[in-house]
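The values are calculated or read from the model by the stated rules, or taken from the named source; none is laboratory data. Keep in mind it's a predicted model, so treat the numbers as computed, not measured. Here the Cβ positions follow ideal geometry from the backbone for every residue, glycine too, while neighbour counts run over all protein chains shown.
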Amino acid sequence: MLEFKEVTKYFGKQTILEQASFRINSGERVGIVGPNGAGKSTLFALINGQEESDKGEIIYPKQLRLGHLRQQLNPQDTDESVLEYVLSGATEIQRIQQELQVTEQELEAGGDEALEKLGKLEEAFQHLGGYDLKHRSETALSGLGFKEEEFGRPFAEFSGGWQMRAELARTLIANPDILLLDEPSNFLDVPAVEWLQRFIKDYEGTLLLISHDRFLLRSLTNITLEIAGAKSTRYAGDYNYYLIERESRYEQQLAAWKNNVQKREELERFIERFKAKATKARQAQSRVKLLEKMEVIDEPVALKNRSLIRIAEPPHSGHEIIRLENIGHAYDPGEFVFKDISVSINKGDRVGLIGFNGMGKTTLLRILSGVMEPSEGKRVLGHQVVSGYQSQEYAETMSPEKDMLEVVRERKPEATQAEARSLLGSFGFMRDDVYKKCSVLSGGEKIRLAFARLFIHPPNLLILDEPTTHLDIDGRRALEEALQDYKGTVVLVSHDIDFIRASANRIFSMRPGGMDVVNGDYDYFCAQKGGMAVAELSSGELKKAESKKESALNYKEQKAAQRRCEKTIRVSEEKIEELEVEQRDLGEKLSSGEELDYQVVNERLEVIQQELTQYQQDWEEALELLEDLA
């Protein structure tokens with residue numbers, strides 16, 4: 001379906017891709033991984049024609065429909081509502097719809113070939129999902145966090161993050177043959193990431209996914225393509241397979257390189273030792289020829305060292321770290337983001353704060369850190385508690401013209417240069433690195449610097465708002481490991497589900513007006529709420545989560561839930577059968593040539609398709625839940 005043949009791409013003097021050769025087959029689900037700046041987004045630009053290769057060729061059937069979600073949205077000059085904007089992305093469906101209208105007019109005028117053409121167009125329209133396009137668009141917007149009353153709001157009124165969500169919905173509902181998604185979870189919260197995962201699971205085309213989100217990579221891909229060091233390497237398995245196979249390949253390449261170096265050194269020593277001796281000159285010359293013919297193997301690039309974040313021991317504190325008593329906050333009088341939140345966080349707790357955007361997660365973190373006072377209620381800090389708060393805007397608080405040493409010592413002016421250098425060294429900054437200006441740092445370097453600045457005064461309560469946003473996979477794993485070793489207390493917000501899984505042992509779930517507390521990890525939380533994440537666990541984790549779920553639901557509640565599922569399944573099956581019969585009858589009438597009101601029939605067919613989609617979804621969800629409850 002899609003083939004790269006020795007593709008090379010330069011940006012100035014930098015080689016982004018060098019003789020990249022790989023094939024992506026129809027229906028494959030490819031996770032594209034690699035460090036930031038390695039060329040993953042350039043790969044997409046080459047596929048969709050935004051960039052041209054300097055050498056080689058890219059082959060794929062030109063009639064294929066591409067859907068491409070970029071990391072950044074191009075400025076949009078449109079007066080459309082957000083729903084209209086999403087609908088406008090289905091250009092092929094709109095084209096067929098226009099042809100249908102023209103063909104219907106031709107049919108009324110007595111055109112001989114119009115009836116056959118109409119049937120083909122209607123078949124294509126249905127195949128592309130034209131009859132339920134509006135319903136799917138509304139479902140996508142809802143799943144990505146838009147409220148129903150916002151569907152009619154002008155697209156231009158939304159913030160950049162919400163416009164990116166609408167762009168994602170627009171890309172998905174077009175149902176392209178090849179779906180190119182570049183970091184689709186960047187602007188999403190956890191519920192929206194879960195919805196996206198469910199949606200893409202049902203997508204039947206070919207998927208190319210650039211992501212640092214391991215939850216999406218593990219659950220959605222079956223092929224992995226690594227872009228690193230201008231090289232492309234295809235792995236015939238998912239992300240877990242890639243991690244294991246990458247280590248194995250590196251060890252093999254390292255052994256081959258060492259063997260090659262050893263043999264070359266042996267030949268060179270022999271030549272140098274005996275080239276001047278007449279009795280050995282012939283043998284020395286033979287070895288010169290052998291050395292010239294010998295393949296030169298490049299040293300393999302070492303796998304990235306993830307041990308770049310080492311967090312200092314926290315100072316001593318009491319058992320209760322912080323307590324909130326009937327906390328509420330309103331930015332406008334009477335319009336509360338949340339109310340009546342009462343919770344205690346104890347020493348060693350690792351709290352993951354989740355929920356849709358707009359529910360007040362960042363507001364609650366600011367109240368916990370003391371940066372903001374609540375509108376009502378009380379925040380009580382525990383004995384000898386020192387909080388360290390890192391906001392989403394941490395990079396904006398660093399002057400671009402200051403170097404790392406200046407940034408760290410700005411937080412603690414009395415710190416010596418040796419003390420600051422030692423601290424920076426514990427976060428992977430060595431020698432002259434410390435003199436780098438903030439303006440030239442990568443996203444990963446900036447977050448490591450932000451942590452170094454934070455720990456110049458070591459906290460025992462660490463409050464983090466989206467700390468993984470600018471980190472690649474290795475950076476996220478490094479932060480996970482550092483937090484797991486950290487002996488203090490952590491409260492964090494992140495849209496990275498695997499990061500929350502690895503870092504949190506309590507879940508605070510924000511909901512309209514308040515918050516639910518679950519004293520267990522993320523998988524336990526999912527088991528309690530019947531969430532889809534349970535289905536994504538490994539078999540061992542699934543058994544563990546299922547046992548937690550059984551303790552959360554008593555026998556009577558479980559049986560009642562089973563009965564509700566069985567009723568939903570029975571009613572859905574009856575309705576699906578009735579609607580399919582009506583749909584078939586109307587289709588036969590359209591094909592029979594009898595005099596009909598085609599507009600009325602087509603409108604009814606559209607309604608039938610929408611109802612069928614909904615009943616099928618209800619049936620699948622009820623069946624899945626019933627299996628979980630069994």
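Residues are listed down the side, and each one gets a yes or a no for (1) more than 30 Å from His383 (Cα to Cα); (2) outside any helix (DSSP H, G or I):
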residue: Arg269; (1), (2): yes, no
residue: Arg273; (1), (2): yes, no
residue: Thr279; (1), (2): yes, yes
residue: Arg282; (1), (2): yes, no
residue: Val288; (1), (2): yes, no
residue: Pro315; (1), (2): no, yes
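A single entry from Gln94, Gln63, Gln101, Gln126 fulfils the requirement of being without any contact (Cβ under 8 Å) to a residue 24 or more places away in the chain, closer than 30 Å to Glu588 by Cβ and under 31 Å from the mean Cα position of the chain (by Cα): Gln94. Here Ser509 passes the criteria (1) closer than 21 Å to Ile341 by Cα; (2) of a type outside the set (Val, Ile, Thr); (3) buried (at least 22 other Cβ atoms within 10 Å of the Cβ); (4) within 22 Å of the chain's Cα centre (by Cα) except the one numbered (3). Residues that are over 28 Å from the mean Cα position of the chain (by Cα) and acidic (Asp, Glu) were ranked within segment 430-475; the one that is nearest to Ala38 (Cα to Cα) is Asp433. Can you pull out the helices (runs of 4 or more DSSP H) entirely within segment 521-595 that have at least 2 residues that are at pLDDT below 80 and surrounded by fewer than 17 Cβ atoms within 10 Å (Cβ to Cβ)? Filter on segment 521-595 gives 539-552, 555-592. The single residue among Leu254, Leu216, Leu209, Leu225 that is of a type outside the set (S, T, N, Q), surrounded by 16 or more Cβ atoms within 10 Å (Cβ to Cβ), part of a helix (DSSP H, G or I) and at pLDDT 85 or above turns out to be Leu216. Filtering segment 424-445 to residues that are in a helix (DSSP H, G or I) and within 11 Å of Asp403 (Cα to Cα) leaves Asp432, Asp433, Val434, Tyr435, Cys438, Ser439, Val440.
Tallying residues that are surrounded by 19 or more Cβ atoms within 10 Å (Cβ to Cβ) and in contact with a Lys or Arg (Cβ under 6 Å, 6 or more places away or on another chain) within segment 14-52 yields 4. Just to be sure, is Ile244 β-branched (Val, Ile, Thr) and without any contact (Cβ under 8 Å) to a residue 40 or more places away in the chain? For Ile244, the condition - β-branched (Val, Ile, Thr) and without any contact (Cβ under 8 Å) to a residue 40 or more places away in the chain - is met. Residue selection: Gly358 satisfies the criterion of being surrounded by fewer than 18 Cβ atoms within 10 Å (Cβ to Cβ), at pLDDT below 90 and closer than 19 Å to Phe146 by Cα. Note on segment 596-628: residues that are over 33 Å from the mean Cα position of the chain (by Cα), loosely packed, with under 13 Cβ neighbours inside 10 Å and assigned to a helix (DSSP H, G or I) amount to 3.
Residue-by-condition table, conditions (1) assigned to a loop (DSSP other than H, G, I, E, B); (2) more than 27 Å from Pro459 (Cα to Cα); (3) within 27 Å of the chain's Cα centre (by Cα); (4) in the same structural domain as Ala502 (by TED's automatic domain parsing):
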| site | (1), (2), (3), (4) |
| --- | --- |
| Ala302 | yes, yes, yes, no |
| Gly328 | no, no, no, yes |
| Glu373 | yes, no, no, yes |
| Gly377 | no, no, no, yes |
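Restricted to segment 1-13, and to residues there that are in a strand (DSSP E or B) and within 28 Å of the chain's Cα centre (by Cα), the residue that is surrounded by the most Cβ atoms within 10 Å (Cβ to Cβ) is Phe4.
Counting only residues that are touching a helix residue (DSSP H, G or I) at 6+ places or on another chain (Cβ under 6 Å) and more than 19 Å from Pro467 (Cα to Cα), which one in segment 178-193 is surrounded by the fewest Cβ atoms within 10 Å (Cβ to Cβ)? By that ranking, first place goes to Asp182. Filter segment 383-396 for residues that are part of a helix (DSSP H, G or I) and touching a residue at least 12 places away in the same chain (Cβ under 8 Å); which is farthest from Phe455 (Cα to Cα)? Restricting to residues being part of a helix (DSSP H, G or I) and touching a residue at least 12 places away in the same chain (Cβ under 8 Å), the top hit is Ala395. Within the set Arg234, Arg170, Arg198, Arg153, the sole residue that is crowded, with 21+ Cβ neighbours inside 10 Å, of a type in the set (Lys, Arg) and more than 12 Å from the chain's Cα centre (by Cα) turns out to be Arg170. Scanning segment 44-99 for residues that are in a loop (DSSP other than H, G, I, E, B) and at negative phi yields a count of 26.
Residues are listed down the side, and each one gets a yes or a no for (1) of a type outside the set (A, V, I, L, M, F, W, C); (2) touching a Ser or Thr at 6+ places or on another chain (Cβ under 9 Å):
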{"site": "Val440", "(1), (2)": "no, no"}
{"site": "His457", "(1), (2)": "yes, no"}
{"site": "Ile463", "(1), (2)": "no, yes"}
{"site": "His470", "(1), (2)": "yes, yes"}
{"site": "Leu479", "(1), (2)": "no, yes"}
{"site": "Leu483", "(1), (2)": "no, yes"}
